[in-house]
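I have placed the structure first, in the form of structure tokens, so that the comments after it can refer back to it.
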Amino acid sequence: MGLQELLVIVMFASFMGMLLLGFPVAWALAGVGLAFAVLGHVLVEWFNADIWFTWGGTIGVLDRRIYGIISNELMVALPLFIFMGIMLDRSGIAEKLMDALVRLLGGLRGGYAVTVVIVGVLLAASTGIIGASVVLLGMLSIRPMLKAQYDRRLAVGTACSVGTLGILIPPSIMLVLMADRIGDPAASTGRLFMGALLPGILLGFMYIAYILAAAYIKKDFAPAPKNRAPFTLRLALDVILAILPPMLLIIAVLGSIFTGFATTTEASAVGAFGALLLALFNRKLDLDTLKQSLYQTSLTTAFIFAIFIGATVFAAVLRGLGGDDVVRDALLGLPFGETGILLSILLVVFLLGFFLDWVEITLIILPLVIPVVFALGVDPVWFAILFAICLQTSFLTPPVGFALFYIKGVCPPGISTWDIYQGIAPYVVLQLLALMLVFWFQPLATWLPHEVYSAH
């Protein structure tokens, strides 16, 4: 192992060490990057080390790199989509959906959990804010499911896992960041949105199939209520009226992108305005709600951009030390062929998800592996969707699965952390199964983008 490879390994290890010590992610990224920039400069200037590194070519261009991030028009979509999700969370739509669908499906064995999945999918396609979705679904569904004698692991696992669908189903802020990091028109935000749509819906159906099968096999797992409400036209109308507003918003946002009528940034503005109208229509819009939504949007956006800037410093120094070449040569040198290399990348991403958030993995790991993907001639949309499904598991895998912390905060007394782990385990398996399905049946991710863009 040469000095260059050693520096790259130690740099990654230092970053992981700082995270384990509790340092904020943005500071850990920027701090490690600057420390190794100084180390590289000292090794070259004082010890004539045989590594390629220049201070001016690495640190001297950071101002332009950071300005390029801030001035990127695509990044405007981030705060707008975040605001859209937060405002919808406060608009009361989820409560109306849950109430109407429970009256429609609650009489079935496992019907309440199926309702949570349907509401979660609709929320995912209109919000994409994981923390808000998980907390909201948990508050709306866990206690009623426990009261209906549902298994506590099913109740908490369903609410927690379904809430993470928003990171995959468009409009997803993760896919916006991934499109920016890939930086290729063949993997634009619109194409990634289209590519993620079918796998996201497939995952929702897999959740429902698991719930119904488990409820049928184990009679006491998710029992049907003894008194089932009759189906009436009034009930059907209530369901339609509850589903219609979020569906119209989804069609307005995704439809404008898919048809080419609006760019991703313009569609995000449509979504934010639509969320305001829905909150106003439901009489949930007041000055305090608007103030809190704007504050939360600013906080979340600042968090993402702080990591963005830290990751830019880290990536620039890593590239200056030859890290790109080290990673590319290591992956292409694997004796597995194209399939084995891709599976190796996905395995590493899955394992990193136990310790890192999706933002860090997207901003650090994706730019390192995407040149390998292009070198192999792999469809970038297909790979991006595989990467995204793999990242979704990072919300559910301990010890750093953020959805686990979110759901724990709204769980009623008596539900332990071990209950949560047992509850999400089947859903993690389903996510990995969906990952394999998309891996072996590529058109699940590529058919829709190909059809839409070829039609244009």
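The values are calculated or read from the model by the stated rules, or taken from the named source; none is laboratory data. The model shown is predicted, which means the values in this text are computed figures rather than measured ones. With ideal geometry, Cβ positions are generated from the backbone for all residues, glycine too; neighbour counts draw on all protein chains shown.
Residues checked against (1) surrounded by 16 or more Cβ atoms within 10 Å (Cβ to Cβ); (2) acidic (Asp, Glu); (3) touching a helix residue (DSSP H, G or I) at 6+ places or on another chain (Cβ under 9 Å); (4) under 18 Å from Phe387 (Cβ atoms):
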position	(1), (2), (3), (4)
Ala403	yes, no, yes, no
Tyr406	yes, no, yes, no
Gly409	no, no, yes, no
Pro412	no, no, yes, no
Ile415	yes, no, yes, no
Tyr421	yes, no, yes, no
Thr446	yes, no, yes, yes
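Please specify each residue of segment 324-345 satisfying the condition of being surrounded by 20 or more Cβ atoms within 10 Å (Cβ to Cβ) and touching a Phe, Trp or Tyr at 6+ places or on another chain (Cβ under 9 Å).
Leu342, Ile345
Given Ala311, Ala275, Ala262, Ala302, which one is within 22 Å of the chain's Cα centre (by Cα), farther than 23 Å from Val119 by Cβ and surrounded by 15 or more Cβ atoms within 10 Å (Cβ to Cβ)?
Ala311
Among the residues of segment 190-249, write down those that are among the hydroxyl-bearing types (Ser, Thr, Tyr) and modelled with pLDDT of 85 or more.
Listed by number, the residues that qualify are Tyr207, Tyr210, Tyr216.
Just wondering, is there one or more residues in segment 216-224 that are closer than 17 Å to Thr115 by Cβ, free of Cβ contacts under 8 Å to residues at least 40 places away in the same chain and either assigned to a helix (DSSP H, G or I) or β-branched (Val, Ile, Thr) (or both)?
Within segment 216-224, none of the residues are closer than 17 Å to Thr115 by Cβ, free of Cβ contacts under 8 Å to residues at least 40 places away in the same chain and either assigned to a helix (DSSP H, G or I) or β-branched (Val, Ile, Thr) (or both).
Out of the residues in segment 197-236 that are exposed (fewer than 14 other Cβ atoms within 10 Å of the Cβ) and among the β-branched types (Val, Ile, Thr), state the one that is nearest to the chain's Cα centre (by Cα).
So, considering only residues that are exposed (fewer than 14 other Cβ atoms within 10 Å of the Cβ) and among the β-branched types (Val, Ile, Thr), the one nearest to the chain's Cα centre (by Cα) is Ile217.
Take segment 280-334 and flag every residue that is more than 14 Å from Ile364 (Cα to Cα) and aromatic (Phe, Trp, Tyr).
Phe281, Tyr295, Phe303
Which pairs do you get when a residue that is closer than 17 Å to Ile69 by Cβ and touching a residue at least 24 places away in the same chain (Cβ under 8 Å), found in segment 159-179, comes within reach of a residue that is of a type in the set (S, T, N, Q) and assigned to a helix (DSSP H, G or I), reach meaning Cβ atoms under 6 angstrom, with the pair 6+ apart or on two chains?
Val176/Thr189; Leu177/Thr362; Met178/Thr362; Ala179/Thr189
Have a look at Leu254, Leu294 and point out the one that is modelled with pLDDT under 90, of a type in the set (A, V, I, L, M) and either surrounded by 19 or more Cβ atoms within 10 Å (Cβ to Cβ) or out of contact with any Pro (no Cβ under 9 Å at 6 or more places or on another chain) (or both).
Checking each option against the conditions leaves just Leu254.
Within segment 149-174, track down each residue that is among the small types (Gly, Ala, Ser) and modelled with pLDDT under 85.
Gly166, Ser172
Determine which single condition Lys147 fails, assuming it passes every other condition in (1) touching a residue at least 40 places away in the same chain (Cβ under 8 Å); (2) farther than 28 Å from Ile309 by Cα.
Result: Lys147 passes all but (1).
Any residue at all in segment 94-109 that is closer than 20 Å to Phe273 by Cα and either under 13 Å from the mean Cα position of the chain (by Cα) or touching a residue at least 12 places away in the same chain (Cβ under 8 Å) (or both)?
Yes, segment 94-109 contains a residue that is closer than 20 Å to Phe273 by Cα and either under 13 Å from the mean Cα position of the chain (by Cα) or touching a residue at least 12 places away in the same chain (Cβ under 8 Å) (or both).
From the residues in segment 370-396 that are buried (at least 21 other Cβ atoms within 10 Å of the Cβ) and farther than 19 Å from Gln442 by Cα, which one is farthest from the chain's Cα centre (by Cα)?
Leu396
Can you name the helices (runs of 4 or more DSSP H) wholly within segment 243-346 that have at least 2 residues being within 30 Å of Leu198 (Cα to Cα)?
264-281, 287-320
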